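Input: a single structure, listed below in structure tokens.
The values are calculated or read from the model by the stated rules, or taken from the named source; none is laboratory data. Since this is a predicted model, take the numbers as computed values, not measurements. Here the Cβ positions follow ideal geometry from the backbone for every residue, glycine too, while neighbour counts run over all protein chains shown. Accessible surface is based on the protein model in full, side chains and every heavy atom, while ligands, DNA and RNA are left aside. Shrake-Rupley method; radii C 1.70, N 1.55, O 1.52, S 1.80 Å.
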Amino acid sequence: MDLQSYVVLGLGTFLGAFVQSATGFGFAILAAPIYLAVINATGAIPLLVLVHLVQSAMVVPRLWPNAPPRMLKDL
């Protein structure tokens, strides 16, 4: 991949993360088409999952103390 592809993937990641931070969902809705336009599906989907896992790992520790314990137990 060339530099332009990395820039487009970075922009797609930023836009997806921005939408998710504003609404609580939507990362893959926005980022997936951009990723799929740049790289093939066998590479884009695992990369999206990895990016989303990292993003979630950054958010969960701040949200965990605010989660109702009873609901977490039911999950």
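Pick out, from the chain, the helices (runs of 4 or more DSSP H) lying fully within it that include 3 or more residues that are under 11 Å from the mean Cα position of the chain (by Cα). Even if it seems obvious, please write down each step before you answer.
Numbers: elements: 3-23, 27-38, 41-63, 69-74.
Answer list for the chain: 3-23, 27-38, 41-63.
Listed here are the residues, each with its yes/no results for (1) without any contact (Cβ under 8 Å) to a residue 24 or more places away in the chain; (2) touching a Cys at 6+ places or on another chain (Cβ under 9 Å); (3) hydroxyl-bearing (Ser, Thr, Tyr); (4) open to solvent by 100 Å² or more (accessible area, probe 1.4 Å).
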position	(1), (2), (3), (4)
MET1	no, no, no, yes
ALA17	no, no, no, no
GLN20	no, no, no, no
ALA44	yes, no, no, no
LEU63	yes, no, no, yes
LYS73	yes, no, no, yes
